[in-house]
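Note sheet for the following structure.
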Amino acid sequence: MHIDSERLNRGLAELARIGARPDGGVQRLAFTQEDLAGREYVAGRLRGIGLEPQVDAIGNLFAIRPGIERESGRTGVVLLGSHTDTVGNAGRYDGSLGVLSALEVLEVLQEGGIQTRHPVGLVSFVNEEGVRFMPDMMGSLYLRGDLDLDEVRSITGTDGVPIGGELDRLRMAGTDSLGDHPIRAFLEVHIEQGPELERQGAAVGAVTGVQGLNWMEVSLDGRANHAGTTPMQDRKDCGLLAAEIIREVRALTGEISGLRGTVGRVSLKPNLINVIPGRATLTVDLRHPHQPTLESSSREIRGRVVRIAREHGIEIQVRDTASAPAVDFDPEVVTAITDSMAALGLGDRRLVSGAGHDAQIMASAHPSGMIFVRSRDGVSHNPAEYSSPEDCAAGAAVLLGAALRLAELVD
Ligand code: HGY
Ligand code: MN
Ligand code: MN
């Protein structure tokens with residue numbers, strides 16, 4: 001029983017054509033036509049192997065292949081998957097590799113008529129990236145019950161559009177419910193998006209946990225004024241304050257070991273050459289593997305930016321927009337992964353994820369784990385994102401082995 005590398009990598013190329021950009025990147029922002037087309041591609045592939053795709057009320061796509069045991073409290077679905085939505089101008093592997101690896105495992109089971117004790121399923125979560133609609137990891141948060149349907153539908157995007165309107169416009173919502181199925185374990189294949197596996201010369205690694213993340217949105221309200229007539233000391237310049245906040249985030253990362261801080265989005269208003277920015281909105285993304293340190297760092301940066309704004313005489317609002325605590329993955333699931341790696345002669349590398357993932361959300365409700373695939377130069381969220389066909393196939397092969405261990409192959 002082997003995965004078909006050519007089929008897996010052909011799928012990556014086909015999916016990358018959906019939302020393809022002239023520079024070789026891909027863009028399928030959540031709840032857009034491209035996002036829907038990507039999900040319909042996966043649904044079509046599921047039908048092609050005789051599995052009925054199902055969709056829940058916010059667009060999570062899933063399919064379940066029955067085991068020989070009826071689902072009950074004692075058994076549950078070994079769920080495999082990730083996401084197919086992307087950031088802006090993304091690469092073609094982030095998320096897609098996990099969904100297509102899950103599809104490949106199901107295809108191997110179907111074509112081999114393989115029987116497992118427990119059901120095996122695929123999920124493609126909506127809006128993992130959270131770049132248009134926050135919070136990120138929205139599909140898995142909804143499955144976990146952190147968000148209800150009305151909450152999700154009322155969330156407005158950076159473009160002011162509500163999710164409910166997009167779901168209706170795209171007819172992307174369904175009436176099925178993944179939450180009706182007990183889940184035995186969740187497994188996610190994902191590119192590492194960092195430099196560790198490449199540094200260690202390893203194609204794949206078992207992920208032992210994920211660092212925590214906190215997102216904030218900072219809104220500044222100063223005073224637009226004439227760039228030529230306004231004396232420097234009389235200005236309430238939100239552009240200057242935004243720059244000082246960016247510096248302060250970087251400074252804090254120099255004071256706290258292991259803290260990563262990013263100001264990824266800055267928008268100035270009115271954003272015109274001869275007008276002092278009267279308003280500004282910026283995002284702060286903080287990450288740390290030790291949850292108490294992440295929390296104290298978030299409090300610290302919040303206090304600092306409020307103090308700096310006061311010194312400028314500028315109004316400031318800081319809003320928490322997403323948080324995913326640091327998690328450790330389930331030892332039984334990690335062992336199923338490392339046993340599968342060993343059986344394939346793929347080493348025994350273990351690592352903590354720097355990026356957030358749906359598995360991080362799933363881990364607090366179900367035994368979960370992740371398999372990382374080497375990223376060339378550690379680059380991601382960039383059209384230059386690349387993992388070799390061999391490494392992608394290795395990731396899917398480890399997934400097959402781990403899934404069979406958890407779903408219990410029936411001879
Ligand atoms: O932000 C992240 O870590 C993930 O790519 N959503
Ligand atoms: Mn991802
Ligand atoms: Mn991502």
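The values are calculated or read from the model by the stated rules, or taken from the named source; none is laboratory data. In this text, all values refer to a predicted model and were calculated from it rather than measured experimentally. Every residue, glycine among them, receives a Cβ derived from its backbone with ideal geometry; neighbour counts consider all protein chains shown. Calculation scope for accessible area: heavy atoms of the full protein, side chains included, ligands and nucleic acids excluded. Shrake-Rupley method; radii C 1.70, N 1.55, O 1.52, S 1.80 Å.
Tell me, which strands (runs of 3 or more DSSP E) lie completely within the stretch 161-246 with 1 or more residues that are at pLDDT below 95 and not assigned by TED's automatic domain parsing to the domain that holds Leu100?
Values: elements: 183-191, 204-210, 212-221.
By residue number, no strands (runs of 3 or more DSSP E) qualify.
Taking the condition assigned to a loop (DSSP other than H, G, I, E, B) and crowded, with 16+ Cβ neighbours inside 10 Å, does Arg39 pass? Show your work before the answer.
Numbers: assigned to a loop (DSSP other than H, G, I, E, B): no; crowded, with 16+ Cβ neighbours inside 10 Å: yes.
No, not satisfied.
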Exercise for the section: State whether one or more residues within the stretch 54-62 are more than 20 Å from the chain's Cα centre (by Cα) and at negative phi. Expected result: yes
Fill in the blank from the handout: Going through (1) open to solvent by less than 10 Å² (accessible area, probe 1.4 Å); (2) more than 30 Å from Gly59 (Cα to Cα); (3) under 21 Å from the mean Cα position of the chain (by Cα) one by one, Pro195 fails only at (1)
Handout entry: All positions within the stretch 89-130 that are more than 13 Å from ligand 1 (Cβ to nearest atom) and acidic (Asp, Glu)
Key = Glu104, Glu107, Glu111
Practice task
State all residues of the stretch 67-88 that are more than 14 Å from ligand 1 (Cβ to nearest atom) and open to solvent by 10 Å² or more (accessible area, probe 1.4 Å); if no residue qualifies, say none.
Solution key: Gly67, Ile68, Glu69, Arg70, Glu71, Ser72, Gly73, Arg74
Practice task
Could you tell me whether the stretch 107-127 includes any residue that is within 16 Å of ligand 3 (Cβ to nearest atom), open to solvent by 10 Å² or more (accessible area, probe 1.4 Å), assigned by TED's automatic domain parsing to the domain that holds Gln54 and out of contact with any Lys or Arg (no Cβ under 8 Å at 6 or more places or on another chain)?
Solution key: no
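Working carefully through the options Glu128, Glu111, Glu104, Glu69, find the one that is more than 16 Å from ligand 2 (Cβ to nearest atom) and within 15 Å of Val189 (Cα to Cα). Please lay out each step first, then the result.
Working: Glu128 fails: more than 16 Å from ligand 2 (Cβ to nearest atom); Glu111 fails: within 15 Å of Val189 (Cα to Cα); Glu69 fails: within 15 Å of Val189 (Cα to Cα).
Testing whether each residue is more than 16 Å from ligand 2 (Cβ to nearest atom) and within 15 Å of Val189 (Cα to Cα) leaves just Glu104.
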Problem - In the stretch 42-66, residue nearest to ligand 2 (Cβ to nearest atom) [restricted to those that are open to solvent by 40 Å² or more (accessible area, probe 1.4 Å) and part of a loop (DSSP other than H, G, I, E, B)] - result: Glu52
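Here's the yes/no breakdown for (1) of a type in the set (Lys, Arg); (2) away from ligand 3 (no atom under 16 Å from the Cβ):
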residue: Gly157; (1), (2): no, yes
residue: Gly164; (1), (2): no, yes
residue: Arg169; (1), (2): yes, yes
residue: His190; (1), (2): no, no
residue: Gln193; (1), (2): no, no
residue: Asp221; (1), (2): no, yes
residue: Gly228; (1), (2): no, yes
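From the list Gly194, Gly174, pick out the single residue that is of a type in the set (Gly, Ala, Ser) and either without any contact (Cβ under 8 Å) to a residue 40 or more places away in the chain or within 16 Å of ligand 2 (Cβ to nearest atom) (or both).
Gly194
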Exercise for the section: Output the number of the condition that Arg10 fails; it satisfies all remaining conditions of (1) within 20 Å of the chain's Cα centre (by Cα); (2) in a helix (DSSP H, G or I). Expected result: (1)
Practice task
Please note which strands (runs of 3 or more DSSP E) are completely contained in the stretch 299-402 and include at least 3 residues that are away from ligand 2 (no atom under 16 Å from the Cβ).
Solution key: 315-324
Problem - Qualifying residue in the stretch 363-372 (condition: in contact with a strand residue (DSSP E or B) (Cβ under 7 Å, 6 or more places away or on another chain), within 17 Å of Ile183 (Cβ to Cβ), polar (S, T, N, Q) and surrounded by 23 or more Cβ atoms within 10 Å (Cβ to Cβ)) - result: yes
Completion exercise
The condition from (1) aliphatic (A, V, I, L, M); (2) surrounded by 13 or more Cβ atoms within 10 Å (Cβ to Cβ); (3) out of contact with any Asp or Glu (no Cβ under 9 Å at 6 or more places or on another chain) that Ile276 misses is numbered (3)
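Does the stretch 15-26 include one or more residues that are closer than 20 Å to Ala397 by Cβ, open to solvent by less than 30 Å² (accessible area, probe 1.4 Å) and either modelled with pLDDT of 95 or more or in contact with an Asp or Glu (Cβ under 9 Å, 6 or more places away or on another chain) (or both)?
Taking the stretch 15-26 and keeping what is closer than 20 Å to Ala397 by Cβ, we get 15.
Next cut, open to solvent by less than 30 Å² (accessible area, probe 1.4 Å) only: 15.
Within this subset, residues satisfying the condition of being either modelled with pLDDT of 95 or more or in contact with an Asp or Glu (Cβ under 9 Å, 6 or more places away or on another chain) (or both) are 15.
Within the stretch 15-26 (the criterion being closer than 20 Å to Ala397 by Cβ, open to solvent by less than 30 Å² (accessible area, probe 1.4 Å) and either modelled with pLDDT of 95 or more or in contact with an Asp or Glu (Cβ under 9 Å, 6 or more places away or on another chain) (or both)), the answer is yes, since at least one residue qualifies.
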Exercise for the section: State yes or no: is Ser96 within 29 Å of Val410 (Cα to Cα), in the same structural domain as Tyr386 (by TED's automatic domain parsing) and either polar (S, T, N, Q) or within 12 Å of ligand 3 (Cβ to nearest atom) (or both)? Expected result: no
Practice task
May I ask you to verify whether Ala102 is open to solvent by less than 30 Å² (accessible area, probe 1.4 Å) and away from ligand 3 (no atom under 16 Å from the Cβ)?
Solution key: yes
Handout entry: First in the stretch 4-27 and free of Cβ contacts under 8 Å to residues at least 60 places away in the same chain, second anywhere and in a loop (DSSP other than H, G, I, E, B) and open to solvent by less than 30 Å² (accessible area, probe 1.4 Å), Cβ under 8 Å, 6 or more apart
Key = Ile18/Arg28
